[in-house]
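Please treat every number below as a calculation from the coordinates, not as lab data. Keep in mind the model is a prediction, meaning the values are calculated, not measured. Using ideal geometry, Cβ is built from the backbone for each residue, glycine included, and neighbour counts are taken over all protein chains shown.
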Amino acid sequence: MSHLFSKSQIALAAFAALGSAAVIAPNLATAAGKTPGKYVSGDFHNHTTCSDGAISMQKLVKKVTDKTTDSPWGLDWFVQAGHGGNGNRNCTLVEDASLSTPAYPFVEGKGPTTTWANSIGAAAIKGNNTGGTTMWRWQSLQEFQYPVVEYLAAQKNLPLFVGLESVVAGHEHSSMSVITGQMPTSLDNATLPNTPGYTALGNANALSQWSYCFDRGDTDTSRGNVAGSNTGNNWNCAVTGSANAADPSWNAAAQKLMPTGSGVGSGIGTKGHLKTLEALKWMKELHATGSYYVPAHLERAGPFNPDGNNGFNIEHLRNFNNTAPDIAFGFETQPGHGASAERGEYRQLRNGFAGSPTNVDSVGGTTYGGTGIYGAQVGGVWDALLGEGRNWWFFASSDWHNRGSFGPDDRRSTQDFYPGEYQRTHVLVRNGSDKIRPQAIVDGLRSGNAWAASGQLIDRFAIVACASYAGVGARSNASVEALAVAAAANATDVDAANCATMGQKLKVRPGAEIVVSIALRDPAGNNFAPYSFPNPSLAQIGVNQPINQPVLDHVDLIRGMVSGYRAPGSADYAGEWPRNNNWLKADGSTAGLDAVPAAAKNTTAAIIRSFSAAGANPWVQVQSGVDGSGFLKMTYRIPAVQASQYVRVRGSNLPAALPYETDASGNPLSDIFTNATVTSNLRIPCTTVGTNVPANGAAWASGTIDGCPNHLPVVNGKKMVAYDVAAWSDLWFYSNPIYIEVSGSTLVAGVK
């Protein structure tokens, strides 16, 4: 968090802001007649007892939307999205009386780990092949999970809806939803019951059908019916214009594609990928504006395996976006599981591959500052997709399951953080004076007007790019900075002539000068970390900075050139990121982009300016907003553009050349040095001895933990940085890009 400004700084900054940000703010986002937008933070990938999470839906919703001492992170919107396939626990039941509601009261002796068979009875479980012990997710979504979430949304007056972490045919996982039917406007005036039971006004029928039809984990053949009957949904998964029953993978009884095969030569991965493309076609045909599909922790399972269900290569992302650009519009490359033994659960030799004599690494081997290599590597997969002019956006999630070694109410973790506790996605929604509804959130995600941050490193952000022409069309730095500062201060977007922000494109004439201004807030005070001892990573270089008071160190402005879409089948369309030690070396170094195939890189992408508090390119502190908050502003001018391009931003609390954390240019290094699984790799000691350091088996009572916690691994008698301490020490934010389309140059075809 930023240090408080001195009185002289405040006076100067206030003078600088007068007549600029303060005057412009009321007119933002109205010039083109758009509904005014505002940034709201949320999470769309997390788990409860509906799938493999540790707590009930009611407890998770309360934890992540409350703003209490125990859980202060208070998200603005929330999507509950567990795994596809099936589950055996009745996730409508709550842990204790504190979570009891009139419609879903606490039942003594029956909590959220109670099985369906021991609560509703085996006879009530529908579909085939369950044996009466597990319930298909299509049924739990349709009949149990959606009504609970709708009830909680109405009771708490919160923007909630239901999604799914799909088990992807041909790949691993994807965060998705079909919101059709969910949270109807009639819910606004509904009278909630004061006795047990709730009948939903809306439904998740479309999402439930998608789960039945296209989730790899769903091998039910009942068509969404009572087993052995035609009573129920009678779903047919055919897609208009596709082979359907003529496809060799079609199962006539199930009325859906069910690819089979395993081992070398089976082609199950390739068949599965084709099924997933059918899923996107179905969404596009039937729910074009009410769907999203975002591959999750997509580097984790390794590269694509044509004979298995593993990861995603860049060609698969291109195929998704080509098939349904308004539905498959980004990736979750800043994964959850940030406190696990391997950050993000990425690790070397993680997954078995058919035909491989050894396991295969997660792509990249580990995360890099908590982000997967596809998003973290400048000039890598993300820049390759942006270099085509695609609408392909960056998102983060919690992937909450549990606290690992600790209970769900402890603030320490060796596995996960709660949604909003550590990282979140901030998305611009245009709901005007209306409530935030699922459609506004999905539209916001689709727009790309979003940014993600970990550890509350920043909590307000804006980037604005404006065209400047000689003469009357000239723009000063100050005029564009005023737009950015006002947008950041008001948590809204910018709608000014010849200007653009994230997810948009700025159309200019050749020779235009582009003024790029960034404004953000590094909030004062503590973040949500439970630790107050000095950050061990910074202690290596003599910096004494409490973990729970991070200070933004630098901001990178990254630019890449746009060369247009690559054609399927061309030499630069498909390519696998280098495997295993062909990328990540034993000493933690990487092979570099020379080892990456042409399809998976954009060598024009580079950091064009780094800003910091001091040095060659200092940012400027200003005061803005109704509360007089401190903001940082910075500007870079791109001269005389001749070719289409994009700019994006990232930043960190860690300086360049920090041992085991960043390289000389400030890029994140592999997290191999703080992953606890292989203790011989650990490099950063944690040496602070505190007076409030609870034992591992003792609940954390109050205050902050002022010394290195006892769950850290010990090597040669020293505690070493790993788990949640590693995550809270190493923070990053990422923005989505602004495109600049130059007349006569390459069209930015993916952005309207």
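Only Cα pairs under 8 Å and 6+ residues apart enter the sum, and on that basis the relative contact order of region 157-315 stands at 30 percent.
For the pairs 63/156; 281/601; 284/435; 62/156; 284/601; 505/752, flag any whose C-alpha to C-alpha distance is greater than 19 Å. Violating the 19 Å limit, Cα to Cα: 281/601; 284/435; 284/601. Summing +1 for each Lys or Arg and -1 for each Asp or Glu among the other residues whose beta-carbon sits under 14 angstrom from that of residue 729 gives -2. The trypsin sites (Lys or Arg not before Pro) of region 434-495 that meet both conditions, a loop assignment by DSSP and at most 16 other Cβ atoms within 10 Å of the site Cβ, are 435.
For region 607-752, the Cβ-based charge dipole about the Cα centre amounts to some 300 debye (Lys, Arg positive; Asp, Glu negative; other atoms uncharged). Sorted ascending by nearby beta carbons within 10 Å, beginning with the fewest, 554, 171 become 554, 171.
Choose one of 642, 351, 455: the residue whose Cα lies farthest towards the positive end of the charge dipole of the chain (beta-carbon charges +1 Lys, Arg; -1 Asp, Glu; about the Cα centre). Highest projection toward the positive end goes to 642. Placing unit charges on each Cβ (+1 for Lys and Arg, -1 for Asp and Glu) gives the chain a dipole about its Cα centre, and among 252, 471, 180 the Cα reaching farthest toward its positive end belongs to 471. Take every Cα pair under 8 Å whose residues are at least 6 apart in sequence, average their separation, divide by the length of region 264-353, and the relative contact order is 35 percent.
Normalising the average separation of contacting C-alpha pairs (under 8 angstrom, six or more residues apart) by the number of residues puts the relative contact order of the chain at 15 percent.
For region 458-570, the extents of the C-alpha atoms along the principal axes are 53, 45, 25 Å, listed from largest to smallest.
Close amide H partners of residue 413, meaning residues 5 or more places away or on another chain with modelled amide H under 5 Å apart, are 724.
Any idea what diffusion coefficient region 573-645 gets from Stokes-Einstein, in µm²/s, Kirkwood Rh on alpha carbon pairs, 4 °C, 1.567 mPa s? Result for D is 77 µm²/s.
I'd like to compare 416-424, 50-58: which one has the highest average count of other Cβ atoms within 10 Å, and what's the full order after that?
Going by the mean number of other Cβ atoms within 10 Å, highest first, we get 416-424, 50-58.
Net charge around residue 674, counting only other residues with Cβ within less than 10 Å of its Cβ (Lys, Arg = +1; Asp, Glu = -1)? Summing Lys and Arg as +1 and Asp and Glu as -1 gives -2. Across all directions, the average flat footprint of the convex hull enclosing the Cα atoms of region 213-352 is 10.2 nm². For 436, 125, 547, the sequence from fewest to most other C-beta atoms within 10 Å is 436, 125, 547. A simple charge model with +1 on the Cβ of Lys and Arg, -1 on the Cβ of Asp and Glu and nothing else charged puts the dipole of the chain at about 880 debye relative to its Cα centre. Working note: Cα atoms of region 633-741, range along each principal axis, descending, whole Å: 62, 33, 19. Report the net charge of residues surrounding residue 165, where surrounding means a beta-carbon distance below 11 angstrom and charges are Lys +1, Arg +1, Asp -1, Glu -1. Value of the local net charge: -4.
Under 18 Å of direct C-alpha separation, and excluding same-chain neighbours fewer than eight residues apart, residue 718 reaches these aspartates and glutamates: 706. Residues whose amide H comes within less than 5 Å of that of residue 684, counting only those at least five positions distant or on another chain, are 721 (H built at 1.01 Å from N in the peptide plane). The residue list 444, 518, 324 was ranked by how far each Cα lies along the charge dipole of the chain toward its positive end, using unit charges on Cβ atoms, and 518 comes out on top.
Placing +1 on each Lys and Arg Cβ and -1 on each Asp and Glu Cβ, with no other charges, gives region 520-626 a dipole about its Cα centre of roughly 160 debye. Sorting 134, 260 from the fewest to the most surrounding beta carbons within 10 angstrom yields 260, 134.
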